[in-house]
Amino acid sequence: MTISEVSKKCNISADTLRYYEKAGLISYINRTDGGIRNYTEQDCAQIEFIKCMRSAGLSIEVLKKYFDLFSKGKRTLNARRDLLATEREKLKKHLTELQDTIKRLDYKISVYDKALKSKSKELKF
């Protein structure tokens with residue numbers, strides 16, 4: 001698949017694909033005799049993984065480390081597992097913080113709803 005096809009399939013810009021390749025997140029991409037990138041289904045699976053992890057907040061550096069370990073094969077299974085487990089714990093903590101924020105917002109919204117219903121002008125912070 002060309003970069004344009006992968007861009008559409010994965011809903012990611014061609015510029016971002018090139019950036020991920022340059023940053024070392026996407027492994028070697030085959031090229032046609034004319035030098036055009038020729039992505040495989042495995043490349044697309046890797047791109048989807050990157051998108052998922054990036055949307056969750058994992059940094060380029062963490063993902064680069066993960067793929068560097070991945071390229072070294074089975075001997076890095078423990079290190080890869082540990083890296084992902086560490087990132088999962090960070091995400092869980094962040095999720096808890098987000099849930100607390102949502103609760104606070106729900107409360108504040110309910111206060112405004114009550115004030116609007118009672119036509120009250122005074123609200124405390």
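What follows draws every value from the coordinates through simple rules; no lab data is involved. Here the structure is a predicted model, which means the values were calculated and not measured. With ideal geometry, Cβ positions are generated from the backbone for all residues, glycine too; neighbour counts draw on all protein chains shown.
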Worksheet item: So which DSSP H runs in the chain come out at 20 Å plus along the axis (Cα) with average Kyte-Doolittle of at least 1.0?
Response: none
Fill in: All-pairs alpha carbon distance profile, region 35-107, 5 Å steps from 0, percent
3, 13, 17, 20, 17, 11, 8, 6, 4, 2, 0, 0
Response to the item:
Both in Å, the radius of gyration and Dmax of the C-alpha trace of region 72-125 are 21.7, 67
Practice prompt. Assuming R0 = 25 Å, can you tell me the calculated FRET efficiency for the pair Asp68 and Glu41, based on Cβ-Cβ distance, to the nearest 0.05?
Written response: 0.65
Worksheet, complete the sentence: Here FRET efficiency (C-beta to C-beta, Arg81 to Thr32, R₀ 30 Å, nearest 0.05) is 0.25
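In nm, what is the difference between 0.36 nm times the number of residues separating Cys52 and Thr2 and their Cα-Cα distance?
Extra length available between Cys52 and Thr2 comes to 15.9 nm.
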Item to complete: Take the Cα atoms of the chain, build their convex hull, and give its volume per residue in Å³.
Response: 152 Å³
